[in-house]
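Only the coordinates and a few stated rules stand behind these numbers; no lab work does. No experiment lies behind these values; they were computed from the predicted model shown. We place every Cβ from the backbone using ideal geometry, glycine too, and count neighbours over all the protein chains shown.
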C-alpha cells in the first residue's frame, strides 16, 4: 500500500513539474493531460489561435489584441524593469515588450526559456516611440505581452543558434543541421525569392502559350554528355540473363530532359513546351555545381534556321532560334523588373564565340570589367618576327595597362600571381628598356632592333610606366578561356578586393553564339569520346547552314553550331540551340563525325525514328535556375539558394547520403551475383 502511494505521489510530482515548465506565466486555466506529461510530450492543446503573422503588423493595427506564434529570439534588456523579446516566423520578426508591474510573471518566465523555443503570445499592438521607429518590416510597432503559452521548448544545447549572426559556425556543421540553418533570415529570404521567381516564370510562359509538361526521371543511359547517375531496377530481372547469370538492369537519371522534350515537339501535341526540371549529373564537386540541379527548360516548334545572308555586323544574331531569344529576353526582363525593380534593355548584346575569345579571352566574358580588351599584336610585329607565329598557327596577345587609363587595375596587376600560367609573361616598361622590352622577354624569345621596337611602341602606343602582359596561343581558340582571359578576370577580382574597383550594379547580359559544333573531348566527356570528336554541347545541335557543306566534306574543325549561351556578369546562366530535325543529318553526325558504335547509336533509335516521321524545325534552351537565383540573391554559392543542397564533394551531411546498401538488397537488384 505504501509503495503504491509513493508511486502515485511521484507521478503527481512529475506531472506538476512538467505543467509548471510548460505553462509558467500563463494567466489562463488549462486542463493539463498528466498522461502526456508522463510520456514526455511537449505540445499543449488547445492553444490560442494565431491571428496575425510576425511580419504583417503595422501602425494601422495599433490598439488591437493579437495572437502571434513563432520562435523566441534572445532577450534584449532595456532596463531593470523592461525587456524586449523578438518573436519570429517565416514572414518576419515582431518585437515583444514586457514591463515589470504589468506582467512580472511573464517577464521572468520568458527570460528563463531557451532561445528558439516555440511560443504563442497574446498582447496589444503599440506604436513605438518616435525615436525607436524603423522603416523596415515591423519596425514601427511592438506588442505588449499579456499572456503566453509555451508550445514546444527548444533544447538548451543546440548545435548553434541560427539568430546569432556574429558567430556563424562552419559550413559543414550548418549543412548537417540544415533545418536550423534555414531559420537564418538570409537563407529564408532566398527560399522565398526562389518561389517568387518560379511563379513569375510560370505566369510569363503560360501567358506566351507554353504548356508545362513533366518528363520522365527514369530513363536509359545514353552517350550524350557527362557521367550519369544510375538507378538499379528489379524490373525485367527474370529475363535479363547473360551466360546463365543474372544481368543487372539500370535506369539513368536525366542530365536534362533533352530527348523527351524533342520528342514532345516531334509528336505535334505540343508547340511550346516548358518545365522547371530537376536534372542530375555525376561530376566532380565545384562551388557552382550540384549533383542534382534545377533548370528552366523550354522547347519550341518551327523556329528559324538563320538568315539568308553571309554579310553580317559583329553584333548580329545570324543563327536560327531568334524566337527562343525573344522569349528568354522577355522572361529575364520581367524577372528583373518584378524582383529587382530594374528595367533591362529591350534586347541583349550579341557576340560570336570567336569574338568573345579574341577580345575577352573567355566564352562567358564579364563585360562589366572596365579593362582594355585583349589585343592580337601579331600584325604589328616585323615580318620576320610575325612569321615565327603564323607558320605555327599561333598569335601573340597582349593586355596593355597604362597609368593614365587603368590605374586601379595597374596596381592590382602588380600583385597578381601568374606562376600557374606558364604561357604568360609580364614586361614593365621603363626608360631603360623602352627599346628592348620584347627582346628581354625570354618567354617570347624574339629579336627586334631598336628601330623595330620604336615602331612597335608607336603602333601600340607603349610608353614608360606601362605594364604589358603577353601570351602566345593558337590562333583558332579552343575551350572556354585563354591565359590572358583568366588573367583579366583575376586582375579585376584583385582590384575589387583592394577597393580600387567597384563593378557597375546594372546587370550586363550577353548572348554568345556560333560556337564550334565539335571539339576534342573535354575531361568530363573523355571517357565517352575516347579521343574522337565530341559535340561541344550535345549531339543534337544543328550546324549553321553556311557550314553544312564543310561538315559533309570532313572539315569538322570549321563547322559552327547554331548554339547560343546567355551570359550574365561573367556567369553562364543558360544555353540552347537549334536542333537537327533531319534524320539523315543526325545519323551522319552520329556515325561519321562522332563515330558512335552500333550499340551507342541504338540508344537513339527512338529519336531517329521520330525525326523520320515528320519532325518540325525546333529549338530550345535551358536556364540554370540555381545560378540565376544565386545572382539575384547576391551570393557566391548556389548552395545558399537550395533548400537542401549537397556539399561541394556531392555528399549530404543531413540525410547522410550517399550510403552503403545491404548486400541482400544488392543481390535482389542483380548488382551482386550471389546471395550473401
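With both labels modelled 7 Å from their Cα along Cα-to-Cβ, the residue 602 to residue 671 distance reads 2.5 nm. A quarter of the convex hull surface defined by the alpha-carbon atoms of the chain gives 45.1 nm² as the mean projection. For the range 178-230, the mean projected area of the C-alpha convex hull, equal to one quarter of the hull surface, is 6.5 nm². Work out how much length residue 595 to residue 217 would gain on full extension: take 0.36 nm times their residue separation and subtract the Cα-Cα distance, in nm to one decimal. This chain segment gains 133.3 nm when fully extended.
Pairs of Cα atoms in the range 542-676 fall into 5 Å distance bins, from 0 up to the last occupied one, in shares of 2, 8, 11, 10, 12, 10, 11, 14, 13, 6, 2, 0, 0 percent. Cα axis of helix 185-207 to longest principal axis of the chain: angle in degrees, 0 to 90, nearest 10? Taking Cα atoms only, the helix is inclined about 60 degrees.
With each label modelled as a point 7 angstrom along the Cα→C-beta vector, the residue 170-residue 131 pair spans 4.6 nm.
The ranking of 551, 300 by Cβ neighbour count inside 10 Å, starting from the fewest, reads 551, 300. What residues of the range 106-135 lie in the reach of a label at residue 341, counting those whose backbone N is under 20 Å from a point 7 Å from the Cα along Cα→Cβ? Taking a point 7 Å out along Cα→Cβ of residue 341, the residues of the range 106-135 whose backbone N falls under 20 Å are 134-135.
Each 5 Å bin from 0 upward holds the following percent of the Cα-Cα pairs of the range 369-498: 2, 10, 21, 24, 21, 14, 7, 1, 0. The calculated P(r) of the range 99-142, using every Cα pair and 5 Å bins from 0, goes 5, 16, 19, 20, 25, 14, 2 in percent. For the range 71-188, the alpha carbon positions stretch 45, 31, 23 Å along the principal axes, listed from largest to smallest. Taking 7 Å steps out from each Cα toward its Cβ at residue 195 and residue 458 produces label points 7.0 nm apart.
Taking other C-beta atoms within 10 Å as the exposure proxy, 349, 490 rank 349, 490 from fewest upward.
Take every Cα pair under 8 Å whose residues are at least 6 apart in sequence, average their separation, divide by the length of the range 369-498, and the relative contact order is 35 percent.
Working from the Cα coordinates of the range 377-430, the gyration tensor eigenvalues give, after taking √(5λ), semi-axes of 26, 15, 8 Å in decreasing order. Helix 322-335 and the long axis of the chain differ in direction by around 30°, with both axes built from C-alpha atoms.
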